[in-house]
Amino acid sequence: MLLVHAKGGPPLGHVLSRTAAKAEVHLLALSALPPAVAGSARRLCASVVTPADAHRRDLVSLTVERAGAVGADAVLTFSEYAVVAVAEACRALGLAGAGGASALARDKRLMRRTWRRHGLPQPEFRSVDSEADLRSAVCSLPGPLLLKAAWSAGSTAHQIIRSPHEVPAAWARSRDVMAESAQLGYAELHVAEAEAHYVVERIVTGTASDWFDEPGWGDYVSVEGVVTDGVFRPVCLSGRMPTVEPFTERASITPAPLARDVQDRIVDLARRAVDALGLRDCGTHTEIKLGADGEMWLIETAARFGGAMTVPQIEEVFGLDLVGMLVDHLLGRPVAWPEQALTPERARGAAGSLVVLAVDGRGRAWPDRRVWDFRAVSADVPLSRGSRLSVVAESSLPDGSAVPVYDPAAGANTMAALCLLSAADARTVLRDFETVVDALPRVLPVARPQEVSA
């Protein structure tokens, strides 16, 4: 197995251990290995190659070349930014992969056009490639509107536009954020000029209270699944906490506590969305907005598993090693996928991941700068009986680092840490996360000037 590593996706440590249990792993690292897993990566992998000139090379050719050198029987990536290149490399090598339609699950312009041709519900939108395009769209679509970079991930470069006079500033800021993200390694690795492509869409009104039996849930869910030989196989649903303005994700919780008939309707829409894109062999992650009176809108589908801790959450709650199962499938081995999306009744407790941002439960910025210190959090934040909170080291700043000021346009780029919480049920995870969010600006140490500067 040639594993192509880049920024984003599930934690590399989790991916490597599950892949190495199934195959001899050769790692092509397009991003520096996280310090927390660099040692284990060299123990688990038959080879680790980090090309110094990767940013100047054609990624498809580089992947094909490396796959040939190691005799790879399969090539896989879990990074949003490498999905298209790896899919193209698999096609060139004659190996199973996402297929020629992979760009439809990456470029939001192509994705939305495809869904529109299939008559699927989604917000009204326009493709935008210039400030003039954006101004024209703002004048033709009913507001408020959301500007998105077509190839972004992690809610980066999102801008809410309420009137035409906001267009110049929004356009300039989104372009700046995409440039900043590229410097951090969070940018498309295959498509030239990807940072210049955008969509603007009408903001639809979500209503979580029509779908969940208790308050506190966000108004959208994700359907986690896989496509094998062109057949979509749903695995489960994950719920969310409300986003932070504009639409930055704060937490994902598995399973989503929804009634069976409600879950079936959501899964049916996800199936139609994935089928329309024509994917072949890959993980999938489909986000769906929930409205009043049962209305739903597609947000996006990815040709890879959900990022952050989505995959580890599913393994803990449902006992499914999705990474290992996908590796087996790509290598031609039989895999027993769930016959239908798993329901909360099948879950062994619940698990969730929390992105630490410098905003309180209402989305307001903290009054002062704080220092990230997980020991203080674990010692001073009261959780429910039986709940367990841990930090994902490779996705977090080291203890003692100043928590970044939250930037709405930068989204997840301003996160300080990623935490995983396990509890008896989804409701308990949600309540414990609310407790953690409220406590963070109180229990974390105040930052000193030298820490902020660093």
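Results, tabulated for the structure shown:
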| read-out | value |
| --- | --- |
| Condition check for residue 36: in contact with a Ser or Thr (Cβ under 6 Å, 6 or more places away or on another chain) and not assigned by TED's automatic domain parsing to the domain that holds residue 290 | no |
| Breaking point among (1) in contact with a His (Cβ under 6 Å, 6 or more places away or on another chain); (2) surrounded by fewer than 24 Cβ atoms within 10 Å (Cβ to Cβ), for residue 306 | (2) |
| Residue 408 being modelled with pLDDT of 95 or more and within 30 Å of residue 175 (Cα to Cα) | no |
| Matching residues, the stretch 218-259, being without any contact (Cβ under 8 Å) to a residue 24 or more places away in the chain and assigned to a loop (DSSP other than H, G, I, E, B) | 259 |
| The stretch 1-42, subset basic (Lys, Arg) and modelled with pLDDT under 95, residue surrounded by the fewest Cβ atoms within 10 Å (Cβ to Cβ) | 42 |
| Set 151, 217: member being aromatic (Phe, Trp, Tyr), within 30 Å of residue 328 (Cα to Cα), buried (at least 22 other Cβ atoms within 10 Å of the Cβ) and under 21 Å from the mean Cα position of the chain (by Cα) | 151 |
| Residue within the stretch 418-427 that is surrounded by fewer than 17 Cβ atoms within 10 Å (Cβ to Cβ) and closer than 19 Å to residue 245 by Cα present | no |
| Some residue of the stretch 260-282 being in the same structural domain as residue 310 (by TED's automatic domain parsing), part of a strand (DSSP E or B) and closer than 24 Å to residue 440 by Cβ | no |
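The values are calculated or read from the model by the stated rules, or taken from the named source; none is laboratory data. As the structure is a computational prediction, the values presented were derived from the model and not from experiment. Every residue, glycine as well, gets a Cβ built from its backbone with ideal geometry; the counts of neighbours run over all protein chains shown.
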